[in-house]
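Bear in mind that the values in this text are calculations on the coordinates, not laboratory data. What you see is a predicted model; the values in this text were computed from it and never measured.
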Amino acid sequence: MFTDSHCHLNFPELQSRLPEIRAAMAEAEVTRALCICTTMEEFEAVHGLALAHDNFWATVGVHPDTEHMTEPEVADLVQRAGLPRVVAIGETGLDYYGMQDRKGGRSIADLEWQRQRFRVHIRAAREVQKPLVIHTRSASADTLGILREEGEDGSPGQAGGVFHCFTETMEVARAALDLGYYISMSGIVTFKNAQDLRDVAAFVPLERLLIETDSPYLAPVPYRGKINSPAYVPFVARQIAEVRGMRVEEVAEVTSRNFDQLFKGVLA
Ligand SMILES: [Zn+2]
Ligand SMILES: [Zn+2]
């Protein structure tokens, strides 16, 4: 059985096809998925998926790219994190990619609100003792620095979490592992030009590895460019099995076990 640790099933292109996607998941032996929140506005829809289906769970959080929407306070996150089937805080983190085009020519200094928002999520996660789902893009030094400053330095009692859709270097992987965090591989690991990432996938200790789709984005080869869904997470597992010289069933089993370890709430 495979577990998709990160997907966006409430996005319209997936939500509208949910019965079909659930059937495809069953067919592909993808038995569980974590539905990830990116705005406070969508939380109810994400949570609704987890309440309606006993193999879905939910997170609460605001993505670093989200702008002009509700800005959460620690108490807002804490309150929602206490609801049934909410097992993590996120996705949260920092995204400095495309400062010219995506960020309208702003500077990294201008993105202080992102760093502040990230701190709010970390504080909430520590308060409720639920793990963080971390998104970091072109911002790894600040992401790691803020985690450490907020006490997420690998010491006992930390919230912990996962660096999702990992695309960083071996060095960043090592630093994340040093903090006690997990690393999740997406379909990018199957892309032709992603040899560096395959090297990371071979390096991460097995007990810290997760797999995900980040659907509807980033469909793995052979579906690259198409709409992704949790049913495709076995292609990520297959690639990891290949670079590690393992059987795909083992990767499925270990990453599912790691999912239970990290997101303890799924066992409740
Ligand atoms: Zn993300
Ligand atoms: Zn995501």
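Rg and Dmax over the alpha-carbon atoms of region 41-143 stand at 14.2, 44 Å. At q = 0.07, 0.09, 0.11, 0.13 Å⁻¹ the log10 of I(q)/I(0) for region 2-267 amounts to -0.21, -0.36, -0.54, -0.78, computed by Debye summation with a single uniform scatterer per C-alpha, solvent ignored.
Once C-alpha pairs closer than 8 Å and six or more residues apart are averaged by separation and normalised to the residue number of the chain, the relative contact order reads 20 percent.
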